[in-house]
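K.L.:
Right, I'll just put the structure down here and ask away after.
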Amino acid sequence: MSSPAANIATAISTPTLDSESPALLQSITSHGGYAFTRMATLAAAGDQRAAEAACDMAWEQLHSGPWHSVLPVWRDAYSMACLHVAKFHLSNGEFRDALRSLDMGIIMGGPLLRKDLDSAIEGVLAAKSRHYHNGVADNDKEGHGEAGSRLLVSPQEFDKSEVLRILPIRSLSSKIVGKRSALSLEAFLCEYFLSGSPVIITDCMAHWPARTRWNDMDYLRRIAGDRTVPVEVGKNYLCSEWKQELVTFSEFLERVQSTGCSSKAPTYLAQHQLFDQINDLRKDISIPDYCCAGGGELRSLNAWFGPAGTLTPLHHDPHHNILAQVVGKKYVRLYSAKYSEELYPYSETMLNNSSQVDLDNIDEVEFPKVRDLEFIDCILEEGEMLYIPPKWWHYVRSLTTSFSVSYWWSTDSGSSMVS
């Protein structure tokens, strides 16, 4: 049986790093990274401690101030260090640690070495598969639970009266978002896209493997369990106790399963480009034809995954949005863009697409214009897609454990992603 060390040359191939390393190290040195350059050079020569030291140095630079002020060269430096560290973990047969290092390089690193990181992950996964195929016990599976399929969301009776107790005032009492079955692209363009009108589209996701696979806990663990992902902890990003963490996907799944609807600090995998990171999950979905409307360009493909009770406060985005509900149910409330002034957006640049109004506890003295504003809302069911036009304000709450995908596209190449 060949060892991981014997396979390291083929398991982690880094052509971009090999060719760009001299120029990258020179750039790092020119920005004061003399110690990093020395450690990275030693790491490339086979010194594991130097690789770990270089990783720590780059990590400190990433946290030296606001994220937008971090020099791009230090993000690339972090990717470089992560690749070096991953090689040593692989040579020691530490597959989970190798994957964590590479995922950290993807999440926190720069774009220069992204292809090397992606191919390295494929290499580690292949080496792990070969290793355990040859009869070695997979200790990485420890703690992943018993064998057999477990559903993420079990079929259950849906009590609308119970749901109304936790939703914002006046929910589901006025105009409901219209539904269209298997809507043609032409009809979508003419009747909704051009007029900027929301619509729920049904019967267009049945062929997605994700419709069944993503409700299977064991499938999700097998495909992504050892991967590291960023999550949000807390009610929502506008709350003072809100924070971000990096956890394995298996740990995240355990949190989702153990979090009750009344939890004050749910864990939410929100607005993360999970499908760029984990290709096997990307294969389970398709890009809806509707995202081609207006000759548009797909800007971002994001995952939204969490327990019942997770919510996104009232905000708007500058792009077209298809929200595909793969597993579970969500409540969505929408206000037309024409009501922006009445919804009291924050004045701060970073939050000017978010409303100061807490729909779950409206302060009618401070925000008197909100109570009687016209809105439309809906319960978005499994297998349905909701089109949200640009600048439409929306509030979203998970009614069950929920796994959704958002497709953001724009007909203006200058638009930026804000959420």
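The values are calculated or read from the model by the stated rules, or taken from the named source; none is laboratory data. Here the structure is a predicted model, which means the values were calculated and not measured. Cβ coordinates were reconstructed from backbone atoms using ideal geometry, including for glycine residues, and neighbour counts include every protein chain displayed. Surface areas here come from the heavy atoms of the whole protein model, side chains and all, with no ligands, DNA or RNA. Shrake-Rupley method; radii C 1.70, N 1.55, O 1.52, S 1.80 Å.
K.L.:
What's the Cα-based Rg to Rh of the chain, Rh via Kirkwood?
P.N.:
1.00
K.L.:
Still on this structure: How far apart, in nanometres, would the label points at Gln48 and Leu164 be if each is projected 7 angstrom from Cα along the Cα-to-Cβ direction?
P.N.:
Each label point lies 7 Å from its Cα, and together they span 6.3 nm.
K.L.:
Provide, for q = 0.14 Å⁻¹, the log10 of I(q)/I(0) from a solvent-free Debye sum over equal Cα point scatterers in the stretch 160-410.
P.N.:
-0.97
K.L.:
Gaussian network model of the chain, Cα springs within a sub-10 Å range: biggest mean-square fluctuation belongs to which of Asn361, Asn279, Asn92?
P.N.:
Highest fluctuation among the options: Asn361.
K.L.:
In the structure shown, do any of Lys115/Lys391; Lys179/Lys283; Lys160/Lys235; Lys160/Lys283; Lys115/Lys235; Lys330/Lys391 have a Cα-Cα gap over 29 Å, and if so which?
P.N.:
Lys115/Lys391; Lys160/Lys283; Lys115/Lys235
K.L.:
Taking all pairs of different Cα atoms in the stretch 184-321, averaging 1/r and flipping that mean, what Kirkwood radius in angstroms comes out?
P.N.:
After inverting the pairwise mean of 1/r, the radius is 17.0 Å.
K.L.:
Quick one: Cα centre-to-centre distance for the stretch 361-412 and the stretch 292-333, in angstrom?
P.N.:
Answer, in whole Å: 9.
K.L.:
What percentage of the solvent-accessible surface of the chain, computed with a 1.4 Å probe over protein heavy atoms, is contributed by carbon and sulfur atoms?
P.N.:
Accessible surface attributable to carbon and sulfur in the chain totals 50 percent.
K.L.:
Also: Using protein chains only and a probe of 1.4 angstrom, how many square angstrom of Cys82 are accessible, to the nearest 10?
P.N.:
Its accessible surface works out to 0 Å², give or take rounding.
K.L.:
Using a Gaussian network model of the chain with C-alpha springs under 10 Å, which one of Leu62, Leu183, Leu194 is most mobile by mean-square fluctuation?
P.N.:
Answer for the Gaussian network model of the chain: Leu194.
K.L.:
Could you grab the relative contact order for the stretch 15-134? Cα pairs under 8 Å, six or more apart, rounded to a whole percent.
P.N.:
With pairs under 8 Å counted, the relative contact order is 23 percent.
K.L.:
Using unit Cβ charges (K, R positive; D, E negative) and no other charged atoms, how large, in debye to the nearest 20, is the dipole of the stretch 163-207 about its Cα centre?
P.N.:
Using Cβ point charges on Lys, Arg, Asp and Glu, the stretch 163-207 gives about 360 debye.
K.L.:
Could you state the principal axis extents of the C-alpha atoms in the stretch 300-419, from the largest down, to the nearest angstrom?
P.N.:
Here the spans come out as 39, 35, 23 Å, largest first.
K.L.:
Quote to one decimal, in nm, the extra length available between Ala265 and His63 on full extension: 0.36 nm per residue of separation minus the C-alpha distance between them.
P.N.:
Gain on stretching Ala265 to His63: 70.3 nm.
K.L.:
Please compute the contact order of the chain in relative form: average sequence separation of alpha-carbon pairs under 8 Å and at least six residues apart, divided by the residue count, as a percent.
P.N.:
Relative CO of the chain lands at 16 percent.
K.L.:
Taking the chain as a Gaussian network, where each spring joins two C-alpha atoms under 10 Å apart, which residue of Ala337, Ala51, Ala210 fluctuates the most?
P.N.:
Highest fluctuation of the listed residues: Ala337.
K.L.:
Please report, in cubic angstrom per residue, the volume enclosed by the convex hull of the alpha-carbon atoms of the stretch 156-225.
P.N.:
Cα-based convex hull of the stretch 156-225, divided per residue, equals 178 Å³.
K.L.:
Which stretch or stretches of the stretch 44-65 have amide N atoms under 17 Å from the point lying 7 Å from Asp18's Cα along the Cα→Cβ direction?
P.N.:
44-46
K.L.:
Whole number please: convex hull volume per residue of the Cα set in the stretch 15-134, in Å³?
P.N.:
90 Å³
K.L.:
Here's something else I'd like to know. D for the stretch 352-401, whole µm²/s, Stokes-Einstein with Kirkwood Rh over alpha-carbon pairs at 20 °C and 1.002 mPa s: what number?
P.N.:
161 µm²/s
K.L.:
Here is a follow-up. Return the FRET efficiency for the residue pair Glu122, Asp203: r is the Cβ-Cβ distance, R0 is 35 Å, and the value is rounded to the nearest 0.05.
P.N.:
0.50
K.L.:
Under unit Cβ charges (Lys, Arg +1; Asp, Glu -1), what dipole magnitude, rounded to 20 debye, does the chain have relative to its Cα centre?
P.N.:
300 debye
K.L.:
If you don't mind, there's one more thing I want to ask. Can you compute the helix-only [θ] at 222 nm over the chain? Use -39500 (n - 2.57) per DSSP H run of at least 4 residues, normalise by all residues, nearest 500 deg cm²/dmol.
P.N.:
My calculation for the chain gives -10500 deg cm²/dmol from helical runs alone.
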